[in-house]
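**Q** Structure incoming, see below.
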């Protein structure tokens with residue numbers, strides 16, 4: 001399944017964009033839509049809309065956009081900030097309706113502003129009722145900001161740039177000459193003449209450095225402040241990682257409840273609802289794996305042979321008390337250190353962290369990891385690590401689970417179900433989902449909790 005196949009643009013989206021643009025014009029706020037505007041407002045070839053707004057006018061634009069989303073009767077919204085970009089997500093899960101609009105205060109990459117807002121805005125034209133860049137500047141923005149920012153250039157953008165270049169060659173070269181050093185300019189000019197975009201992509205580092213050096217020469221102070229602001233924000237996400245960024249979900253259930261299917265479907269539904277890529281959700285199996293697999297580490301050290309037969313989760317005898325304590329401590333350290341690391345890593349890209357099983361497994365089924373310790377010891381370990389924001393427990397009767405998978409006895413499944421149901425003590429973060437429902441129904445039940453936990457209500 002391609003990411004683009006998840007998204008639908010309809011009359012509601014069209015109305016929102018038209019209303020927003022109209023209100024911006026009426027308020028005297030300068031803006032223009034960046035690339036992929038062809039077909040708007042009736043259709044949209046991209047998953048989102050990038051709107052460049054005048055720097056310093058974000059608060060007014062935010063107020064207007066939230067008002068438009070509220071008028072369209074969205075139930076939830078979410079805003080994520082990246083450098084100068086403010087990513088707005090309007091959501092109404094009951095209507096299967098989501099929209100993603102980015103408000104960008106000027107356009108910069110890591111603090112470097114290659115083309116200033118005033119220059120860009122003075123070179124806009126109207127496409128239907130929307131402000132857009134005239135073709136020459138549209139082509140340059142596509143070229144420079146895709147190469148400098150992401151170091152790739154999709155075929156559709158290559159074709160568009162080539163077409164515009166044939167008609168606007170002199171103006172495009174004039175803009176590029178002002179934004180690039182001589183070496184990079186000559187390279188890009190040569191490649192545009194021969195339509196050799198592969199060399200442009202392979203020379204992305206050179207072009208990026210040239211553009212940034214040019215920006216620094218134009219306005220050293222502004223560029224330096226922008227650079228500091230970018231890296232301060234990056235450090236803020238990594239070092240502090242504010243609570244709202246720590247989007248963690250743990251999924252618990254006995255084998256046979258359809259946990260794997262549920263997680264895969266949940267990833268798709270999250271991507272669709274957030275109008276994002278499926279990679280929006282990052283899945284970890286059981287633990288962070290900051291520390292290597294204990295069996296692999298033991299085998300490498302020559303103290304044990306790793307057991308790779310996973311058909312029977314209770315195949316091995318439990319370890320003794322001391323060995324169990326060492327095992328438990330080893331896994332505990334992995335959670336204690338590893339979870340904050342991956343949360344900070346994922347927060348940089350606004351990803352949702354999903355655990356297929358969590359440390360709670362040590363409370364329910366310690367024998368899976370050959371641990372034999374009193375419950376109170378395992379409880380202390382599980383309570384002293386970072387807790388997920390959401391814990392989904394897939395619940396069903398023992399007969400149903402056993403009919404799906406016979407790795408465990410029906411008696412063991414019944415015992416685990418009793419223990420899993422004790423996770424209700426986790427309070428509001430624990431939600432029990434009926435695993436006997438259809439997969440899409442289970443995910444819909446879960447998504448309501450995801451939105452209530454990780455987004456804002458209107």
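**Q** Give me log10 I(q)/I(0) at q = 0.11, 0.13, 0.18, 0.25 Å⁻¹ for the stretch 203-285, Debye formula, one equal scatterer per alpha-carbon, no solvent.
**A** Results for the stretch 203-285 at q = 0.11, 0.13, 0.18, 0.25 Å⁻¹ read -0.59, -0.72, -0.92, -1.14.
**Q** Okay, moving on. At a 10 Å Cβ-Cβ cut-off, how would you order 9, 376, 240, fewest neighbours first?
**A** Least to most surrounded, the residues fall as 376, 240, 9.
**Q** Further question on the same structure: Calculate, for residue 174 and residue 239, the FRET efficiency according to 1/(1 + (r/R0)^6) with r their C-beta to C-beta distance and R0 56 Å; round to the nearest 0.05.
**A** 0.80
**Q** Would you mind telling me the antiparallel percentage of the DSSP bridges in the chain, rounded to 5?
**A** On the way: 26 of 50 bridges.
Around 50 percent of the beta bridges assigned by DSSP in the chain are antiparallel ones.
**Q** So what's the back-of-envelope 222 nm ellipticity for the chain, counting only DSSP H runs of four-plus at -39500 (n - 2.57) apiece and dividing by all residues, rounded to 500? Display every interim value, and only then the final one.
**A** On the way: 18 runs with 223 residues, N = 458.
Only helices count here, giving -15000 deg cm²/dmol.
**Q** Tell me whether the stretch 1-124 comes out rounded, prolate or oblate; compute the Cα gyration tensor, take square roots of the eigenvalues as a ≥ b ≥ c, and use a/c under 1.5 as the rounded threshold.
**A** Prolate, since a/c reaches 1.5 and a/b exceeds b/c.
**Q** Same structure, new question: Would you calculate the separation in nanometres between label points at residue 150 and residue 26, each defined as 7 Å from the Cα along the Cα-to-beta-carbon direction?
**A** Here the answer is 3.4 nm between the modelled labels.
**Q** Extending each Cα 7 Å along its Cβ direction at residue 73 and residue 202, get the distance between those two points in nm, one decimal.
**A** Distance between label points: 5.6 nm.
**Q** Another one. Can you give the FRET efficiency to the nearest 0.05 for residue 159 and residue 59, using r as the Cβ-Cβ distance and R₀ = 41 Å?
**A** That gives a FRET efficiency of 0.60.
**Q** For the stretch 80-124, what size does the Cα cloud have along each of its three principal axes, sorted from largest down, in whole Å?
**A** Principal-axis extents of the stretch 80-124 (Cα, largest first): 43, 24, 9 Å.
**Q** Apply the a/c threshold of 1.5 to the C-alpha gyration tensor of the stretch 241-457 and tell me whether it is rounded, prolate or oblate.
**A** oblate
**Q** For the chain, what is the relative contact order in percent, using Cα pairs closer than 8 Å and at least 6 residues apart in sequence? Numbers along the way, then the final one.
**A** Working: 658 pairs, mean separation 71.5, N = 458.
Normalised by residue count, the contact order of the chain is 16 percent.
**Q** Let me ask you something else. Using only the C-alpha atoms of the chain, find the volume of their convex hull and express it per residue in Å³.
**A** 173 Å³
**Q** While we're here: Grab the Cα-Cα distance for residue 386 and residue 229, subtract it from 0.36 nm times how many residues apart they are, and report the gain in nm with one decimal. Working shown, then result.
**A** Values: separation 157, 0.36 × 157 = 56.52 nm, distance 2.94 nm.
Between residue 386 and residue 229, full extension yields 53.6 nm more.
**Q** Here's a follow-up. For a test of the definition: using alpha carbon positions, the gyration tensor, and the 1.5 limit on a/c, classify the stretch 359-441 as rounded, prolate or oblate. All intermediate terms of the calculation are to be shown ahead of the outcome.
**A** Values: a/c = 2.45, a/b = 1.24, b/c = 1.98.
Oblate is the answer for the stretch 359-441, as a/c is 1.5 or above yet b/c matches or exceeds a/b.
**Q** Set the Förster radius R0 to 22 Å, insert the Cβ-Cβ distance between residue 405 and residue 268 as r into 1/(1 + (r/R0)^6), and round the FRET efficiency to 0.05.
**A** The pair residue 405/residue 268 has a calculated efficiency of 0.45.
**Q** Report, to the nearest 10°, how far helix 439-454 tilts away from the longest principal axis of the Cα atoms in the chain, using its own Cα long axis and a range of 0 to 90°.
**A** 70 degrees
**Q** Then there is this: Just grab the label-to-label distance for residue 277 and residue 220, each label 7 Å out from Cα along the Cβ direction, in nm (one decimal).
**A** So the label points at residue 277 and residue 220 sit 3.8 nm apart.
**Q** Which residues in the stretch 361-394 have a backbone N closer than 20 Å to a point placed 7 Å from the Cα of residue 441 along the Cα-to-Cβ line?
**A** Answer for the stretch 361-394: 392-394.
All of the numbers you see were taken from the coordinates with simple rules; none came from a lab. Keep in mind that this is a model prediction, so the values were computed, not measured. For neighbour counting, all protein chains shown are included, and Cβ atoms are generated from backbone atoms with ideal geometry for every residue, glycine included.
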